Amino acid sequence: MNFKELRKATGMSQRKFAEYFGIPRRTVEDWERGITKCNPYLLDLMHYKLEKENLLKAETENKG
């Protein structure tokens, strides 16, 4: 799962996602546009946190 897919799986906007993780919105935009890349370990950590807090709506619906 790439960064954009992860954010979309939460149903959060870029702004809400950035606020949730305390990162600049511009960073989220750049990651999604491919201008810069999210470090794989950071992506894994975000996925883990979202999964543990049951915030991955699209994944949960697809598993059902």
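Points worth noting:
- Count of the stretch 12-39 residues, restricted to those that are open to solvent by 60 Å² or more (accessible area, probe 1.4 Å) and either part of a helix (DSSP H, G or I) or within 21 Å of K57 (Cα to Cα) (or both), is 8.
- Where a residue in the stretch 15-34 is in contact (Cβ under 8 Å) with a residue 12 or more places away in the chain and closer than 15 Å to L55 by Cα and its partner, wherever it lies, is in a helix (DSSP H, G or I) and open to solvent by less than 80 Å² (accessible area, probe 1.4 Å), with Cβ under 9 Å and at least six apart: F21/V28; F21/M46; F21/K49
- Test for A58: is it at pLDDT below 95, among the hydrophobic types (A, V, I, L, M, F, W, C) and assigned to a helix (DSSP H, G or I): yes
- Note on the stretch 2-11: among residues that are over 10 Å from M46 (Cβ atoms) and in contact (Cβ under 8 Å) with a residue 40 or more places away in the chain, the one that is most open to solvent (accessible area, probe 1.4 Å) is K8.
The values are calculated or read from the model by the stated rules, or taken from the named source; none is laboratory data. On a predicted model such as this, the values are computed, not experimentally measured, just so you know. Virtual Cβ from ideal backbone geometry, glycine too; neighbours counted across all protein chains shown. Please note that ligands, DNA and RNA were not included when accessible areas were found on the heavy atoms of the full protein model with its side chains. Shrake-Rupley method; radii C 1.70, N 1.55, O 1.52, S 1.80 Å.
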